[in-house]
1. For the chain, modelled as a GNM with alpha-carbon contacts under 10 angstrom, which of Val92, Val81, Val61 fluctuates the most?
2. Would you calculate the separation in nanometres between label points at Val92 and Thr182, each defined as 7 Å from the Cα along the Cα-to-beta-carbon direction?
3. Quick check for you: which residues of region 120-153 have the amide N under 13 Å from the point 7 Å beyond the Cα of Thr172 toward its beta carbon?
4. Find the relative contact order for region 108-231 and round it to a whole percent, using C-alpha pairs within less than 8 Å whose residues are 6+ positions apart.
5. Before I look further, what does region 66-135 give for accessible area per residue, probe 1.4 Å, in whole square angstrom?
6. When only Cα pairs under 8 Å and 6 or more residues apart are kept, what is the percent relative contact order across the chain?
7. So if I average 1/r over every pair of distinct C-alpha atoms in the chain and take the inverse, what Kirkwood radius in Å does that give?
8. Which whole-number percentage describes the relative contact order of region 36-107, with Cα contacts under 8 Å and a sequence gap of 6 or more?
Amino acid sequence: MTGRELFACYAFPPNELGYCGPTDTGGDQLATHAEEFDGAWPYLQAIADATGIADPLDTDVVRNYWLGGELLDKVDPDELVTRLRSAFTGQVTGVLDDISAGNALANHSFHVFAVYPWVRFLGRDPTTPLRVLQDCRIRWGVVESVDDDHVVVTSSPLTYDGGTLRLGSAATERIRWRKDGTSLAPAPVPGTIVSAHWDWVCGSITDAERDALADATKRTLDLVNDAARFA
């Protein structure tokens with residue numbers, strides 16, 4: 001899969017809902033409008049610049065942004081924070097202004113938990129913020145069964161205990177892998193690991209990719225829990 005194809009797989013679910021990117025573009029054209037995804041583009045540029053990769057839609061750049069990986073450690077955290085604060089000037093953010101020096105990660109999980117404002121509302125009524133944060137993050141799970149257009153996967157959902165965001169005990173959830181004959185990936189196979197974004201399976205991932213995604217998620221949750229004031 002090319003970087004552009006990989007970008008489209010993960011960008012389509014929120015774009016379908018009208019949350020991110022252009023509104024008049026088909027799923028197969030999303031990568032050609034990648035710069036309009038203002039939530040993702042600054043991170044892709046940061047990873048590409050830090051690694052000397054000319055194309056922000058290079059496969060490795062895109063994979064590290066969505067799924068984590070060793071390229072993230074090549075991005076200077078302070079430079080990333082400066083870049084993000086400039087990119088999102090005038091917008092309400094979560095804890096971006098509270099992130100201490102040296103703490104930022106050029107991964108989608110950082111955007112979800114630190115830049116999106118939803119984390120600010122957890123201390124009021126966590127029901128909706130927690131659901132949005134759970135659906136918006138890239139999560140992973142093991143396929144238990146496939147039923148027509150949906151799959152049941154076992155994964156660890158995001159939880160909030162009144163002061164800390166963390167991943168909870170494994171539970172099952174039902175998500176789609178196909179809609180009206182269209183899918184973002186081949187039919188999932190029971191026993192395999194898949195990634196999901198919003199209500200879509202984005203594809204099968206390897207054990208190494210699962211571990212990289214879990215590491216990026218944990219690192220981001222740790223720094224957000226340290227910076228956040230859930231009120």
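The values are calculated or read from the model by the stated rules, or taken from the named source; none is laboratory data. Just so it is clear, the model here is predicted, and its values are computed rather than measured. Note that each Cβ is placed from the backbone with ideal geometry, even for glycine, and that neighbours are counted across all protein chains shown. For accessibility, only protein heavy atoms count, side chains too; no ligands or nucleic acids. Shrake-Rupley method; radii C 1.70, N 1.55, O 1.52, S 1.80 Å.
1. Val92
2. According to this spin-label approximation, the distance is 3.2 nm.
3. 142-147, 151-153
4. Worked out over region 108-231, it gives 28 percent.
5. 46 Å²
6. 19 percent
7. Hydrodynamic radius (Kirkwood, Cα only) of the chain equals 17.8 Å.
8. Over region 36-107, the number comes to 36 percent.
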